[in-house]
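Chemist: For reference, the structure I am asking about is given below.
The values are calculated or read from the model by the stated rules, or taken from the named source; none is laboratory data. Everything quoted here is computed from the prediction, not taken from an experiment. Neighbour counts are summed over all protein chains in view; Cβ atoms, including those assigned to glycine, are modelled from backbone coordinates with ideal geometry. For accessibility, only protein heavy atoms count, side chains too; no ligands or nucleic acids. Shrake-Rupley method; radii C 1.70, N 1.55, O 1.52, S 1.80 Å.
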Amino acid sequence: MSMTQTLTLRRPDDWHLHLRDGAMLEAVLPETTRHFARAIVMPNLVPPVVTMADATSYKARILAAMPEGARFTPLMTLYLTENTDPDDLTRAYASGLISAVKLYPAGATTNSASGVADFDKVRAVLERMAEIGCPLCVHGEVTDREIDIFDREAVFIDRVLDPIRKSTPELKVVMEHITTKNGADYVKANAERLGATITVQHLMLDRNDMLVGGMRPHYYCLPILKRREHREALLAAATSGDARFFLGTDSAPHPSHAKEAECCAAGCFTAPVALACLAHSFEEAGALDKLEGFTSLHGPAFYGLPANEETITLTKSDTPAHFPKQIPNGDDPITVFDPGTPVFWAVSNSSSL
Ligand code: DOR
Ligand code: ZN
């Protein structure tokens, strides 16, 4: 007997996404537009998207790469540098071109060399953002050599984030891709103007999944997967219904050869499977009824946007769903995230297909 169950949600948004540029943009964009209505697009290109002019042309390249018939809105961001011009940022935000500004500590992750080293140098820009209501999306890791990679998020909260929030209390902040109980607890303890995105891989995996029995490069991302108790705290936060937590996949494509390398690039390409995986995890947590809030309601509420009117339907089958192992990208295919556990859910109908 075949047993199916369906789940219909308002069409989701992705509040943290890497779309890249050029051929890779064309390869990965359909994987997001198929399921998501909007996405906050990360600015860490080489060179980064720093000015209003940069964001204008990057947005045009994204729109030019859109698959036929897709209905998708890229929500652009600027990459904060120590030289960011507050007036240019203000114009970009007031015109509706950008939805947020991204803070990368210098050297924290892929293409973050132009990030912020001296936080005093961006003080004036942060004040301006607080004034105009522009949210700051934060990659929350310190980069000091002395700090162990597994502690970098917790130390960032104490040393950098909390001081910024205390000195600029009106600033709206999104802690991007939180990976620790410390991150979830910090959000819960600070109700005002603070939200957090959580990725699929951090809800499904812990560092043992990445390291025990062999190193799995496709699970390597930044911030790095942490120990199990952190995954459990993130899953509890995501499934709690608390509107301060919402989906940001951080889907971060790299060619498979760059992942399966002596020095493996950071990032998990989750866009094609994100919703199926989330349905799996939320069901396992007994919280399928909380999925729509996490994927489709809490993010728009935080950003002051309406929720989407269209819907998407997921179907659960009694046999595991088949997902592509890779997607083509010229001569450099991109490996799709595989959670390592059978997933019985799949998107069966998206109103914008
Ligand atoms: O794993 C990651 N990959 N973390 C980031 O912060 C950046 C991203 C990328 O751009 O590849
Ligand atoms: Zn990211």
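Chemist: Obtain the nm distance between the two label points defined at Asp144 and Asp87 by a simple spin-label model: each point lies 7 Å from its Cα along the Cα-to-C-beta direction.
Modeler: 3.8
Chemist: Once the Cα atoms of the range 13-146 are picked out, what are the Rg and Dmax in Å?
Modeler: 14.8, 50
Chemist: Quick check: convex hull of the Cα atoms in the chain, volume per residue, rounded to a whole Å³?
Modeler: On the way: hull volume 47.0 nm³, N = 353.
Dividing the Cα hull volume of the chain by its residue count gives 133 Å³.
Chemist: What is the gain in length, in nm to one decimal, between Cys264 and Ala23 on full extension, counting 0.36 nm per residue of separation less the C-alpha to C-alpha distance?
Modeler: Numbers: separation 241, 0.36 × 241 = 86.76 nm, distance 2.10 nm.
The span from Cys264 to Ala23 would gain 84.7 nm if fully extended.
Chemist: A further question follows. Say each of Asn208 and Ser348 gets a label point 7 Å from the Cα, pointing the same way as Cα to Cβ; how far apart are those two points in nm?
Modeler: For the pair Asn208/Ser348, the computed spacing is 3.4 nm.
Chemist: Expressed as an acute angle from 0 to 90° and rounded to the nearest 10, what is the orientation of the C-alpha long axis of helix 228-238 relative to the principal long axis of the chain?
Modeler: Taking Cα atoms only, the helix is inclined about 90 degrees.
Chemist: Here's another thing I want to ask about it. Could you give the angle, 0 to 90 degrees to the nearest 10, between helix 22-33's Cα long axis and the longest principal axis of the Cα atoms of the chain?
Modeler: Approximately 60 degrees, to the nearest 10.
Chemist: Give the carbon-plus-sulfur fraction of the accessible surface of the range 173-328 in %, rounded to a whole number; probe 1.4 Å, heavy atoms of protein chains only.
Modeler: Working: 3100 of 5980 Å².
C and S atoms contribute 52 percent here.
Chemist: If one computes P(r) from the Cα atoms of the range 286-353, what percent of pairs lie at distances over 14 Å? Intermediate results must be reported in sequence, preceding the final value.
Modeler: Working: 1666 of 2278 pairs.
That tail contains 73 percent of the Cα-Cα pairs.
Chemist: Over 26 Å apart: what share of the alpha carbon pairs of the range 170-311 falls there, rounded to a whole percent?
Modeler: 24
Chemist: Calculate the FRET efficiency for Arg159 and Ser317 from the Cβ-Cβ distance with a Förster distance of 51 Å, rounded to the nearest 0.05.
Modeler: 0.60
Chemist: Taking the inverse of the average 1/r across all pairs of different Cα atoms in the range 153-239, what Kirkwood radius in Å do you get?
Modeler: 13.6
Chemist: Would you mind giving the average projected area, over all directions, of the Cα convex hull of the range 65-140 in nm² with one decimal?
Modeler: Numbers: hull surface 24.4 nm².
Taking a quarter of the hull surface, the average projection is 6.1 nm².
Chemist: Then there is this: Can you give me the long-range amide H partners of Ala39? Hydrogens built in the peptide plane at 1.01 Å from N, cutoff under 5 Å, separation of 5 or more residues or another chain.
Modeler: For Ala39, the qualifying residues are Asp14, Thr73, Leu75.
Chemist: Then there is this: Which of the peptides 272-285, 96-109 is most tightly packed, and how do the rest follow, judged by the mean count of other Cβ atoms within 10 Å per residue?
Modeler: Final packing ranking: 272-285, 96-109.
Chemist: Here is a further query. Tell me the carbon and sulfur percent of the accessible area for the range 1-157, rounded to whole percent, probe radius 1.4 Å.
Modeler: 52
Chemist: Starting from the amide H of Val116, placed 1.01 Å from N in the peptide plane, find each other amide H under 5 Å away whose residue is 5 or more places distant or on another chain.
Modeler: Tyr104, Ala106
Chemist: Taking the 0 to 90 degree range and rounding to the nearest ten, how far is the long axis of helix 274-284 tilted relative to the main principal axis of the chain, both from C-alpha atoms?
Modeler: Rounded to the nearest ten degrees, it is 70.
Chemist: Also: In a shell of Cβ-Cβ distance under 11 Å around Tyr104, excluding Tyr104 itself, what net charge do Lys and Arg (+1) and Asp and Glu (-1) give?
Modeler: For residues surrounding Tyr104, the net value is -1.
Chemist: Enumerate the lysines that Lys188 could reach by cross-link, defined here as Cα to Cα under 28 Å, with residues fewer than 8 away along the same chain left out.
Modeler: Those lysines meeting the cut-off are Lys102, Lys166, Lys172, Lys226, Lys290.
Chemist: Between Met215 and Ala113, what length in nm is gained on full extension when 0.36 nm per residue of separation is reduced by their alpha carbon distance?
Modeler: 34.1 nm
Chemist: A further question on this structure: Taking the Cα centre of each part, how many Å lie between the range 274-353 and the range 136-185?
Modeler: Here the two parts' Cα centres lie 27 Å apart.
Chemist: Rounded if a/c is under 1.5, else prolate if a/b is larger than b/c, else oblate: which is the range 107-178, with a ≥ b ≥ c the root eigenvalues of its Cα gyration tensor?
Modeler: Cα axes put the range 107-178 in the prolate bin.
Chemist: Also, I was wondering about something else. Over the range 205-257, how many percent of alpha carbon pairs lie in each 5 Å bin up to the one with the longest distance?
Modeler: Bin by bin from 0 Å, the calculated values are 4, 17, 21, 23, 20, 10, 4, 2.
Chemist: If you count only protein heavy atoms with a 1.4 Å probe, what accessible area per residue comes out for the chain, rounded to a whole Å²?
Modeler: 41
Chemist: Here's a follow-up. Suppose only helical runs count, i.e. DSSP H with n ≥ 4. What mean residue ellipticity at 222 nm does that imply for the chain under -39500 (n - 2.57) per run, divided by all residues and rounded to the nearest 500 deg cm²/dmol?
Modeler: Here the helix-only value at 222 nm equals -8000 deg cm²/dmol.
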